[in-house]
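**Q** This is the structure, below, for whatever I ask next.
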Amino acid sequence: MRHRLLLLLALSLVVGCGQYSMPGFNTKQPDANGTWNVSFAPSLSPAIPTSPGVTLSVKFTQTGTDLSGTVTSVIGEPSFCFPGLSTAGTTFTASGQLNPPVEAGANLFLTVTFMPMGTQAPTQMLTLQGALNTGSTTAAGVYNFPSATSGCTQGTFTMTKMP
C-alpha cells in the first residue's frame, strides 16, 4: 500500500509540474502590441521577373489572443507582385490570433485585407502564418496571396517590432 501511495504521489508531481517544464511548452502570452514592420518576399517562379517585396508598417492592438491592426505606411515602391499598393487611397484591415508559442508550430495567424488604389479589383487578402516567441521582437513565417498575379501568390514574411 505504501508503494502505491508513493507511486501515486510521484505521478501527480510529474503530471502536475510536467506541463510547465516540458520542452517547447510555454503558457506565457507573447506581446504584439505596438508598431511592427511586416516585410513580404514573394516566392517567384522562374518565368516571373524579379519583383521586390513590400513592407507594411502595422500598429497592432492585442487583447488576449486577439489581434487587430492598422496599416500606417507602405514602405517600398509598387511592384509586379504588389501593384498599386499605397496607404494613400487604400483601405487596410489586419486581424488575427496570437497564441502562446509551441515547440515546432505556428502561433501567429493574421489576415490583411486591402483594396489597392487605382484598380477595379475587389478587396484582396493576404493570409500569414508564422511564429512569434514570448519576449521576441521578431517573427517569421509564410504568406498566401491567392488573388495576386500568377507567380506571386505565396512567399515568406518577417516582422520586426519598431522602437
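**Q** Working only within the range 61-102, note down all residues that are surrounded by 16 or more Cβ atoms within 10 Å (Cβ to Cβ) and touching a Phe, Trp or Tyr at 6+ places or on another chain (Cβ under 6 Å).
**A** L67, G69, V71, T90, F92, G96
**Q** Please enumerate the residues belonging to the range 36-57 that are exposed (fewer than 15 other Cβ atoms within 10 Å of the Cβ) and either over 20 Å from F82 (Cβ atoms) or modelled with pLDDT under 80 (or both).
**A** S45, P46, A47, P49, T50
**Q** Checking the structure you have, find out if any residue of the range 14-35 is closer than 30 Å to G135 by Cβ, at pLDDT 75 or above and not in a loop (DSSP other than H, G, I, E, B).
**A** yes
**Q** For residues that are under 11 Å from the mean Cα position of the chain (by Cα) and hydroxyl-bearing (S, T, Y), scanning just the range 132-159, find the one that is nearest to V112 (Cα to Cα).
**A** Y143
The values are calculated or read from the model by the stated rules, or taken from the named source; none is laboratory data. This one's a predicted model, so the numbers in the text were calculated from it and none came from an experiment. With ideal geometry, Cβ positions are generated from the backbone for all residues, glycine too; neighbour counts draw on all protein chains shown.
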